[in-house]
1. Can you check how the C-alpha radius of gyration of the range 47-108 compares to 2.2 N^0.38 Å, as a plain ratio?
2. When N is the residue count of the chain, what does its C-alpha Rg come to as a fraction of 2.2 N^0.38 Å?
3. Suppose we keep just the DSSP beta bridges with both residues in the chain; what percent of those would be antiparallel, to 5?
4. About the Cα centre of the range 127-194, how large is the charge dipole given +1 on each Lys and Arg Cβ and -1 on each Asp and Glu Cβ? Please answer in debye to the nearest 20.
5. Per Stokes-Einstein, at 20 °C and 1.002 mPa s, what whole-number D in µm² s⁻¹ belongs to the range 121-277, with the Kirkwood radius over Cα pairs as the hydrodynamic radius?
6. Calculated from DSSP H runs of 4 or more alone, at -39500 (n - 2.57) each and per residue, what is the 222 nm mean residue ellipticity of the chain, nearest 500?
7. Mind ranking Leu11, Leu90 by accessible surface for me, highest first, 1.4 Å probe?
8. Leaving out ligands and nucleic acids, and using a 1.4 Å probe, what accessible area per residue does the range 121-277 come to in Å²?
Amino acid sequence: MIRRAWVNGTLFEQGEIAPISVMDRGLAYGDGLFETIRIESGRPVLLPLHLARLKASATVLGITCDTVTLEDAFIDFIAECGDAAAKIILTRGDSDRGYLPDPEAPSSLIFLLYPAMNWPAELACEGVVAAVCQQPLGISPMLAGHKHLNRLEQVLLRQELAGFAGAHEALVSDVDGHVVEGVFSNVFWIQHGIVYTPCLNRAGVRGVMRQFLLQEMSRLGLQLCEGNYTVTDVLAADEVFFCNSLYGIWPARQMAGVECQPGPITRRLQQCWSEMLGT
Ligand SMILES: Cc1ncc(COP(=O)(O)O)c(C=O)c1O
């Protein structure tokens, strides 16, 4: 249920219909980007990292994005919202039929405000059950890393995950058999004190939470390896956790039917996240 929406400068309260153009290229081609931001007691968590990713991806894709104006409008939009989840959607704007964009068309900016996710606390404390998806992600170097609006693969994978009874997340690999991420998360694992995560040059979303954790790992002096790994590598790990900017960190307590334990490095990183949230 959307609590509030904002479309190109016009605010719509809950129950009002917020119109978007039928010529919007976000609708026609997924030609745009989005951010999903946790709002904790009215404060947008990791906003600088979200805006940096949005701006960097918009620059690569050639979509106009004035993050200073955007930030001011967004801060006004979330005023007095308490705990919530917000989305920023930036599309290339309108065009006629056909892939070629109109270079003169202004981009389109949408903000949406949702209730807070309220995941059960046990998922972060005791851990989650993770499955392994069979459907592979395509290799897509032009789009890898960006949080673009083409999310059909995730729509299919989320349905596959829903078919695994009791599973909260699932490992997703690409067509070459390299683990990329979770269905709606990034993934890390630890073996013999070294932290591993997939490099995301050919598929996957370079998550803001992943970025935050990479900074924290470097601050803590943890050794990190980013590379190409398989599901077998992940299943051999001492600790596995998933992360995204809404729920933070979910340690795995079961991977592909095998019991495992949230470990000390995961717990230390969860502590960094709690400190960031001020909880
Ligand atoms: C496919 C996918 N990968 C990774 C992430 C993590 O991104 P972030 O940390 O920016 O929330 C998400 C978040 O929704 C996602 O959908």
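The values are calculated or read from the model by the stated rules, or taken from the named source; none is laboratory data. Being a predicted model, the structure only gives us computed values, none of them experimental. Positions of Cβ are generated from backbone atoms using ideal geometry, with glycine treated the same way; all protein chains shown enter the neighbour counts. The protein model used for the area step is the full one, side chains on, heavy atoms only, and it has no ligands, DNA or RNA in it. Shrake-Rupley method; radii C 1.70, N 1.55, O 1.52, S 1.80 Å.
1. Ratio of Cα Rg to 2.2 N^0.38 Å: 1.29.
2. The chain yields a ratio of 1.02.
3. Bridges in the chain are about 80 percent antiparallel.
4. Value, rounded to 20: 180 debye.
5. Estimated diffusion coefficient is 139 µm²/s.
6. Taking each H run of at least 4 residues, the total per residue is -8500 deg cm²/dmol.
7. Leu11, Leu90
8. Counting only protein heavy atoms, the per-residue value for the range 121-277 is 43 Å².
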